[in-house]
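All remarks here apply to the structure that follows.
The values are calculated or read from the model by the stated rules, or taken from the named source; none is laboratory data. Owing to the predicted nature of the structure, the values given are computational and were not obtained by experimental measurement. Note that we place each Cβ from the backbone using ideal geometry, even for glycine, and neighbour counts take in every protein chain shown. Ligands, DNA and RNA are stripped out before the accessible areas are found, and what is left, the full protein with its side chains, is counted by its heavy atoms. Shrake-Rupley method; radii C 1.70, N 1.55, O 1.52, S 1.80 Å.
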Protein chains: 2
Amino acid sequence: MEAIVMAWSEQLRSAGYKITRQRRAVLQVLAERNAHWRPLEVYQRARQRCPALGLTTVYRTLDILCELGLVQRVHLEQGCHSFAPVSQGHSHHLICRKCGEVTEFEGCDLSPLLERVSRSTGFVIEEHWLELFGTCPACQEE
Amino acid sequence: MEAIVMAWSEQLRSAGYKITRQRRAVLQVLAERNAHWRPLEVYQRARQRCPALGLTTVYRTLDILCELGLVQRVHLEQGCHSFAPVSQGHSHHLICRKCGEVTEFEGCDLSPLLERVSRSTGFVIEEHWLELFGTCPACQEE
DNA sequence: AATTTAATTGAAAAATATTTTCATTTAGGA
DNA sequence: TCCTAAATGAAAATATTTTTCAATTAAATT
């Protein structure tokens, strides 16, 4: 089994959640590809591994994974119904518009910008949210 | 009538859309407050001005306004079902978590960051979204 | 290995959000 | 005023998400 699935399972377990066949199937699907997934897509794909899986459980599992910070909601141009795996805590996504691949990127130091905006507007800024869209190396070749 | 409503109307007209009572009512509501609006909220409020208005028309009007770049979808923590007025073309929003006020901010020069991310990932970056959340000056006083 | 129990489950129903369809109405040019 | 394509609302359809509840099950305990 993928290392990431084992790591996620361990996180679930230590947060007091049981490792069920259904949850494992969901985790395995998410680990398949570093991309954004809609609940229905996860459901359809995970049912190949665990035919008894229900859509409700997919929603519930994604909720838990979000709460633990293992996946994050991704807001696409078409809507905000997708989720993507996250490796560290607070994370920003770079999304390929063609294949849907999701990459996290480092070095998001927005402090100077936030500082400037805060000064000019008088807002106290508590949270920021940045997403980039483009074309990944593989899709550029086509 | 608010200047902004007239400006929006002119934009609609010159894009070939008719100025109907319904559309005017929607525009007037959006001009009331620089905040984020959900379609249902717009509907309820605009019906006070135009009781014949249907929810379908609100959705359709918001679509058109988006297409013309006069409003923009706002992605909140709770979901992406809200819209906010936009003054210039590409715009970023600063959103008050308490009162919902939406402010556009200037000076979003992300070029160095985008350049850096592009180099380290190999992605061609075509679009970026940045949203800030915090507390506006008025809400800080409470 | 068997027992126990609280967590987890799926199905169905409900709630919520959005889009489509279509007959009727209407804005605005002729 | 007349005309016509655009726009409309109501209702139905579709899509998404949550709630409810009786049955099942993971995993701790014996």
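Looking at region A:47-104, which GluC sites (Glu not before Pro) are DSSP coil and have at most 14 other C-beta atoms within 10 Å of their C-beta?
The qualifying sites are A:Glu77.
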(request) Quick one: net charge around B:Cys139, please, counting Lys, Arg +1 and Asp, Glu -1 for every other residue with C-beta under 12 Å from its C-beta. (result) -2
(request) Find the sum over both chains of the accessible area lost when A and B are paired, probe 1.4 Å, and report it in Å² to the nearest 100. (result) 3200 Å²
(message) Binning at 10 angstrom from zero up to the longest distance, how are the C-alpha pair distances of region A:3-141 distributed in percent?
(response) 11, 36, 31, 16, 5, 0
(message) Helix-only mean residue ellipticity at 222 nm, the protein assembly as shown, DSSP H runs n ≥ 4 weighted -39,500 (n - 2.57), per residue, nearest 500. What is it?
(response) -12500 deg cm²/dmol
(request) Please give the net charge around A:Pro39, taking every other residue with its beta carbon less than 12 angstrom from that of A:Pro39, where Lys and Arg add +1 and Asp and Glu add -1. (result) +2
(message) How far apart, in nanometres, would the label points at B:Thr56 and B:Glu41 be if each is projected 7 angstrom from Cα along the Cα-to-Cβ direction?
(response) 2.6 nm
(request) Using only alpha carbon pairs under 8 Å that are at least six residues apart, calculate the relative contact order of chain B and give it in whole percent. (result) 19 percent
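For the protein assembly as shown, what number results from the quotient of the Cα radius of gyration and 2.2 N^0.38 Å? It would help to have the intermediate numbers written out before the result.
Details: Rg = 21.4 Å, N = 284, 2.2 N^0.38 = 18.8 Å.
Relative to the rule-of-thumb radius for its length, the protein assembly as shown sits at 1.14.
Ignoring any ligand, DNA or RNA, what whole percent of the accessible area of the protein assembly as shown comes from carbon and sulfur when the probe is 1.4 angstrom?
48 percent
Between the DSSP loop rule and a limit of at most 11 other Cβ atoms within 10 Å, which GluC sites (Glu not before Pro) in region B:107-138 are left?
Details: sites: B:Glu115, B:Glu126, B:Glu127, B:Glu131; in loops: none.
Qualifying residues, ordered by number: none.
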(request) Only loop residues by DSSP count here, and only those with at most 10 other Cβ atoms within 10 Å; note down the chymotrypsin sites (Phe, Trp or Tyr not before Pro) in region A:13-47 that meet that. (result) none
(message) Tell me which cysteines of the protein assembly as shown come out unpaired when the rule is another cysteine's Cβ under 4.7 Å.
(response) A:Cys50, A:Cys66, A:Cys99, A:Cys108, A:Cys139, B:Cys50, B:Cys66, B:Cys99, B:Cys108, B:Cys139
(message) Which residue fluctuates most in the GNM of chain B (Cα springs below 10 Å): B:Ala84, B:Ala52, B:Ala35?
(response) B:Ala52
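So with the 1.4 Å probe, I'd like the accessible area per residue for chain A, rounded to whole Å².
On the way: 7450 Å² over 142 residues.
Value for chain A: 52 Å² per residue.
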